[in-house]
Amino acid sequence: MKRNSILTMIIALLVCVSQIAHAQGGKEAKQAKGNIEANKLAREGAEALKSNDFDKAVDLLRKATNLDRKYTPDLAIAYERRGYALTKNQQFQDAVTDYTEAIKIKSNEPRIYEERAYAEMKIYAYDKALADYDELIKLKPKEVRYYNFRAYIYEAKEDNQNSMAETEKALQIDPNNQEAKERKQRLERKQAEKMPTPPPNTPAPKKSPPPKKKP
């Protein structure tokens, strides 16, 4: 009786192990199939990108990424490339959307922020462009161009005080920067024009003589 119980337990254990192995094997087979499909989609996406068929490239690489996350960087490149093409076609709002998707994937890539900021300036989304330059300055705090762009945006918004502040930051990094020097002179002229005109420097009127006494 005891021997039968042990045998039954062994059989049950073997069946359980077999089921687990089968399930694991099915999972691995499914994963392998998914990887093969992801590779295929990624290859097709890369070819579409080379042919500048950006819509097809984005669609294929998005599908590949959903199957295998290793293709995420390629999807970011596709979004960026399509954003650049849209910018060239002056479809700035659509370009901003694509750059935003690229940044979600690669949040530490300065070039994408720069391209998005350019598109945002083209549609007068100045506050969003300023926010992008904030991020750029965090990534590259010694890049004088970013301060000049911020100064330009503030000047376009007629915020001369902040424009001057950004110009001074640019000059602290590069005292000989011509763009910053010219902007500083221009802002100083604007400031001088706004100051009230001083009164003319004329002598004070003479005191009236006392009236003559009557005889």
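Values in this text are rule-based calculations from the coordinates and carry no lab data. Since the structure is predicted, the reported quantities are computational estimates derived from the model, not experimental observations. For neighbour counting, all protein chains shown are included, and Cβ atoms are generated from backbone atoms with ideal geometry for every residue, glycine included.
This model, with +1 at the C-beta of Lys and Arg and -1 at the C-beta of Asp and Glu, gives the stretch 105-158 a dipole about its Cα centre of some 180 debye. Computed about its Cα centre, the charge dipole of the stretch 58-161 is approximately 380 debye, with only Lys, Arg, Asp and Glu carrying charge at their Cβ.
Would you list which aspartates and glutamates come within 18 Å of LYS190, measuring only between C-alpha atoms, while excluding same-chain residues fewer than 8 positions from it? Once the sequence-local aspartates and glutamates are set aside, what remains near LYS190 is GLU155, GLU158, ASP159, GLU166, GLU168, GLU179, GLU182.
Remark: the stretch 172-187, residue by residue, has Karplus-estimated 3J(HN,Hα) of 5, 6, 9, x, 9, 5, 5, 4, 5, 5, 5, 5, 4, 4, 5, 5 Hz, where x stands for each Gly or Pro and the curve is 6.51 cos²θ - 1.76 cosθ + 1.60 at θ = phi - 60°. 3J(HN,Hα) along the stretch 139-147, derived from phi through the Karplus expression 6.51 cos²θ - 1.76 cosθ + 1.60 where θ = phi - 60°, amounts to 6, 9, x, 9, 7, 5, 4, 5, 5 Hz, with x in place of Gly and Pro. Each of the peptides 54-61, 130-137 was scored by the mean count of other Cβ atoms within 10 Å over its residues; in descending order, highest first, they stand as 54-61, 130-137.
The protection proxy used here, the mean number of other Cβ atoms lying within 10 Å of each residue, ranks peptides 109-118, 165-174, 179-188 as follows, highest first: 109-118, 165-174, 179-188.
For the set LYS122/LYS157; LYS140/LYS181; LYS70/LYS142; LYS63/LYS138, the pairs lying more than 24 angstrom apart at their alpha carbons are LYS70/LYS142; LYS63/LYS138.
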